[in-house]
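Student: One structure, pasted below without further comment.
Bear in mind that the values in this text are calculations on the coordinates, not laboratory data. All of these numbers come straight from a predicted model, not from anything done at the bench. Cβ placement follows ideal geometry from the backbone for every residue including glycine, while neighbour counts extend to all protein chains displayed.
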Amino acid sequence: MSSVLIIGAGGVGRVVAHKCAQIPEVFSQICLASRTQSKCDQIAAEIRQKTGRRIDTAQVDADQVPELVALIQRVKPVMLINVALPYQDLTIMDACLETGVHYLDTANYEPLDEAKFEYKWQWAYQERFEKAGLMALLGSGFDPGVTNVFTAHLMKHHFDQIDTLDILDCNGGDHGYAFATNFNPEINIREVTANGRYWQDGAWVETQPMEIRRKFDFDQVGEKNMYLLYHEEMESLAKHFPGIKRMRFWMTFGDAYLKHLEVFRNIGLDSIEPIEFQGQQIVPIQFLKALLPDPASLGPRTHGKTNIGVIAKGSKNGQPVQRYVYNICDHQECYKETHAQAVSYTTGVPAMIGAMMMLQGHWMKPGVWNMEQFDPDPFMAALNQHGLPWVDLENDIDIDSLPE
Ligand SMILES: NC(=O)c1ccc[n+]([C@@H]2O[C@H](COP(=O)([O-])OP(=O)(O)OC[C@H]3O[C@@H](n4cnc5c(N)ncnc54)[C@H](OP(=O)(O)O)[C@@H]3O)[C@@H](O)[C@H]2O)c1
């Protein structure tokens with residue numbers, strides 16, 4: 001029985017709040033706080049209607065450590081689930097240390113003025129969390145998150161050695177807009193317009209954005225173009241599984257999405273450099289965000305499925321092995337359950353499960369940790385129970401020989 005404080009009332013925060021509310025035996029008290037309290041109140045009203053449970057709400061600016069500390073001291077949670085933006089990770093970790101509260105997030109810290117996400121800032125908190133007897137679980141979403149746990153599961157149950165790992169993220173959903181992003185547009189556009197990068201023999205190999213493409217036939221979605229990009233879980237997986245020789249991350253994009261991005265890029269609308277506009281400083285990508293549909297509004301309009309998984313090749317007892325573990329999630333089913341589409345759902349459910357792993361003691365250890373550093377079994381079992389069932393199959397797909 002534990003009290004949790006959730007920070008961030010966007011698409012992911014909505015799912016985390018709904019899912020925690022479904023398990024009162026683990027999450028006995030829930031407070032949802034965000035910059036805009038009315039968003040928390042709306043989610044609280046939905047939850048009351050669906051489950052009959054009351055959750056508390058609050059307003060907080062998570063960029064301000066004193067505000068966070070005051071809120072935590074009032075709510076007195078055992079742990080904090082950070083599903084605000086990556087820019088708030090460090091202030092929230094500071095507030096957790098000051099108040100003696102465990103921490104979890106779904107995305108690694110990224111400075112607001114530099115499009116560069118890395119774990120180094122958060123890994124630097126290791127000693128402080130350990131000394132305080134507190135735990136911080138990093139990246140407990142789907143990717144990062146479940147993809148790290150899938151890798152740990154494969155390593156534990158099927159391989160002595162993984163030689164190559166390919167992480168495949170397909171969103172086959174259609175929301176009917178010419179262009180919209182499924183989660184925070186600023187974060188999303190910054191991620192996909194960055195150079196690609198993959199891990200090969202102990203070093204990163206850089207590519208141009210969207211330079212490498214393959215056609216892949218995704219189960220229950222169909223054939224899609226997927227593009228190699230850099231993704232944050234590869235940094236921690238390369239560190240914790242140093243035997244993996246090559247690791248790549250692939251994400252699907254439709255042609256219309258890429259055409260819009262190209263135009264935004266050509267005219268500088270994706271820039272994070274402030275410009276002067278009618279006597280005011282504005283950041284182009286933030287202006288673009290204001291024009292785009294709110295990701296939280298996509299839920300009712302999005303049909304189709306996501307398919308996200310991991311293909312590993314390697315050996316066990318000297319014999320070659322290749323396996324594919326993946327989850328398929330249906331946008332409309334997610335919406336019926338939590339008023340959010342599958343991209344928010346596939347992030348929010350693992351955040352709730354990560355918190356449950358910590359509160360139930362399966363994964364409780366002082367320090368700062370990534371998902372693959374814990375026993376994958378209880379987490380994998382919880383995925384099956386809480387809305388993200390997976391399959392683990394033998395497989396012989398050779399991504400390198402697929403058409404471009
Ligand atoms: N690991 C994964 O698989 C994965 C996948 C998708 C997303 N994510 C991560 O999940 C997180 C949430 O994504 P989302 O799609 O829910 O984004 P979102 O819809 O933009 O929601 C973010 C929420 O954070 C709140 N917020 C922002 N700045 C704040 C501040 N200074 N103080 C308090 N609250 C603040 C916003 O506040 P208000 O609206 O209240 O103003 C908003 O409700 C992001 O970090 C994203 O990178 C992870």
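Student: Assign unit charges at the C-beta atoms only (+1 for Lys and Arg, -1 for Asp and Glu), then state the dipole size of region 166-305 relative to its Cα centre in Debye, rounded to the nearest 20.
Tutor: 240
Student: Now, a different point. Can you work out the Karplus-derived ³J(HN,Hα) for every residue in region 116-121? Use 6.51 cos²θ - 1.76 cosθ + 1.60 with θ = phi - 60°, whole Hz, and x for glycine or proline.
Tutor: 8, 9, 8, 7, 4, 5
Student: Here is a follow-up. Eight or more residues apart or on different chains, and alpha-carbon atoms under 30 Å: count the Lys pairs in region 2-138 matching that.
Tutor: The number of close lysine pairs in region 2-138 is 11.
Student: Shifting gears a bit: Once you list every other residue whose beta carbon is under 13 Å from the beta carbon of Leu154, what net charge do they have if Lys and Arg are +1 and Asp and Glu are -1?
Tutor: Local charge sum for Leu154: -3.
Student: At what distance in nm do the modelled label points of Thr36 and Ala194 sit from each other, each positioned 7 Å from its Cα along Cα→Cβ?
Tutor: 2.6
Student: Zone of Ser401 (label point 7 Å along Cα→Cβ, backbone N under 19 Å): which residues in region 203-222?
Tutor: Hits in region 203-222 for Ser401 at 19 Å: 213-218.
Student: Arrange the peptides 226-236, 256-266, 18-28 so that the one whose residues have, on average, the most other Cβ atoms within 10 Å appears first.
Tutor: My ranking of the peptides, most packed first, is 226-236, 18-28, 256-266.
Student: Taking square-rooted eigenvalues a ≥ b ≥ c of the alpha carbon gyration tensor, is region 2-138 rounded, prolate or oblate, where a/c under 1.5 means rounded and, failing that, a/b exceeding b/c means prolate?
Tutor: Here region 2-138 falls in the prolate category.
Student: To check you understand DSSP bridge types, tell me what percent of the beta bridges within the chain (both residues inside) are antiparallel, rounded to 5.
Tutor: In the chain, DSSP labels about 60 percent of beta bridges as antiparallel.
Student: Please give the Cα centre distance for region 210-277 versus region 113-130, rounded to the nearest Å.
Tutor: Distance between centres, Cα-based: 23 Å.
Student: Amide H of Gly367: which non-local residues (sequence gap of 5 or more, or other chain) have their own amide H closer than 5 Å, using H built in the peptide plane?
Tutor: Glu130, Leu134, Met135, Ala136
Student: Now, a different point. At 7 Å along the Cα-to-beta-carbon direction for both Ala238 and Asn266, put a label point, then send me their distance in nm to one decimal.
Tutor: The two pseudo-label positions are separated by 3.3 nm.
Student: Given a cut-off of under 8 Å on Cα pairs at least six residues apart, what relative contact order in percent is computed for region 77-208?
Tutor: RCO, region 77-208: 17 percent.
Student: Another question about this same structure. Once you charge only the Cβ atoms, +1 for Lys and Arg and -1 for Asp and Glu, what is the size of the charge dipole of region 2-138 about its Cα centre, to the nearest 20 debye?
Tutor: Dipole of region 2-138, to the nearest 20 debye: 680 debye.
Student: Got a sec to turn the phi values of region 322-327 into Karplus ³J(HN,Hα) couplings, 6.51 cos²θ - 1.76 cosθ + 1.60 with θ = phi - 60°, whole Hz, x for Gly and Pro?
Tutor: So the Karplus estimates, Gly and Pro as x, are 9, 9, 9, 10, 8, 10 Hz.
Student: Amide H to amide H, which residues 5 or more places from Gln161 or on other chains are under 5 Å from it, using H placed in the peptide plane?
Tutor: Ser315
Student: With the dipole of the chain worked out from charges on the C-beta (+1 for Lys and Arg, -1 for Asp and Glu) around the Cα centre, which of Leu80, Val146, Ile397 lies farthest toward the positive end?
Tutor: The residue sitting most towards the positive pole is Leu80.
Student: What residues of region 121-140 lie in the reach of a label at Ala203, counting those whose backbone N is under 15 Å from a point 7 Å from the Cα along Cα→Cβ?
Tutor: No residues fall inside that zone.
Student: Mind listing the phi-derived Karplus ³J(HN,Hα) values for region 204-219, rounded to whole Hz, using 6.51, -1.76 and 1.60 with θ = phi - 60°, and x for any glycine or proline?
Tutor: Residue by residue, region 204-219 yields 8, 10, 8, 10, 5, x, 6, 5, 10, 9, 9, 9, 10, 8, 7, 3 Hz.
Student: Also, quick follow-up: Relative contact order of region 309-385: what whole-number percent is it, with Cα pairs under 8 angstrom and at least 6 residues apart?
Tutor: For region 309-385, the relative contact order is 17 percent.
Student: Skipping prolines and chain starts, which residues have an amide H placed within reach, meaning under 5 Å, of the one on Gly172, given they are 5 or more residues away or on another chain?
Tutor: Lys305, Thr306, Asn307
Student: Work out the length of the dipole vector of the chain about its Cα centre, built from +1 on the beta-carbon of each Lys and Arg and -1 on the beta-carbon of each Asp and Glu, and round it to the nearest 20 debye.
Tutor: Once rounded to the nearest 20, the dipole reads 920 debye.
Student: Taking 37 °C and 0.692 mPa s as the conditions, I'd like the Stokes-Einstein D for region 255-302 in µm²/s, using the Kirkwood hydrodynamic radius from alpha carbon pairs.
Tutor: After rounding, the answer is 270 µm²/s.
Student: Please compute the alpha carbon radius of gyration of the chain, then divide it by the globular-protein estimate 2.2 N^0.38 Å. Two decimals is fine.
Tutor: Working it through for the chain, the quotient is 0.94.
Student: By how many nm would the segment from Asp377 to Lys316 grow when fully extended, if each residue of separation counts as 0.36 nm and the alpha-carbon distance is taken off?
Tutor: 20.0 nm
Student: Taking 35 Å as R0, compute the FRET efficiency from the Cβ-Cβ separation of Ile282 and Gln385 and round it to 0.05.
Tutor: Computed FRET efficiency for Ile282 and Gln385 comes out at 0.15.
Student: Nearest 500 deg cm²/dmol is fine: what mean residue ellipticity at 222 nm does the chain get from its DSSP H runs of n ≥ 4 alone, each adding -39,500 (n - 2.57), divided by its residue count?
Tutor: -10500 deg cm²/dmol
Student: For region 347-400 and region 163-198, what is the separation of their Cα centres, given in Å?
Tutor: 21
Student: Got the relative contact order for the chain handy, in percent, Cα pairs under 8 Å and 6 or more residues apart?
Tutor: Computed value for the chain: 20 percent relative contact order.
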